[in-house]
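Everything on this sheet refers to the single structure shown next.
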């Protein structure tokens, strides 16, 4: 069964995480960054990793850290006028 969660992140982003237990019992997760815009919601799907983890929490932590790193690399350091 796929588990979905949304957590707040830096700036005005949130991170939507979907985790799933694979047939071999290990866990995988993917993340989508969500950012409100004046006309809707911008979704940024992060690359899907082939890494698997022993627990759901480990899989979620991994993709949350990837998402936060993406924000750090791509978010302007100063608000734009």
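The values are calculated or read from the model by the stated rules, or taken from the named source; none is laboratory data. Quick caveat, the model's predicted, so the values are computed rather than measured. For neighbour counting, all protein chains shown are included, and Cβ atoms are generated from backbone atoms with ideal geometry for every residue, glycine included.
Out of (1) out of contact with any helix residue (DSSP H, G or I) (no Cβ under 9 Å at 6 or more places or on another chain); (2) outside any strand (DSSP E or B); (3) over 21 Å from residue 1 (Cβ atoms), what's the single condition that is false for residue 59?
All conditions are met except number (3).
Within segment 53-69, work out how many residues are exposed (fewer than 15 other Cβ atoms within 10 Å of the Cβ) and touching a strand residue (DSSP E or B) at 6+ places or on another chain (Cβ under 8 Å).
2
Can you find, within segment 5-20, the residue that is modelled with the lowest pLDDT among those that are surrounded by fewer than 16 Cβ atoms within 10 Å (Cβ to Cβ) and over 17 Å from residue 47 (Cα atoms)?
Filtering segment 5-20 for residues that are surrounded by fewer than 16 Cβ atoms within 10 Å (Cβ to Cβ) and over 17 Å from residue 47 (Cα atoms), the one modelled with the lowest pLDDT comes out as 11.
Residues in segment 30-51 that are assigned to a strand (DSSP E or B), within 13 Å of the chain's Cα centre (by Cα) and surrounded by 11 or more Cβ atoms within 10 Å (Cβ to Cβ): how many?
Counting residues in segment 30-51 that are assigned to a strand (DSSP E or B), within 13 Å of the chain's Cα centre (by Cα) and surrounded by 11 or more Cβ atoms within 10 Å (Cβ to Cβ) gives 7.
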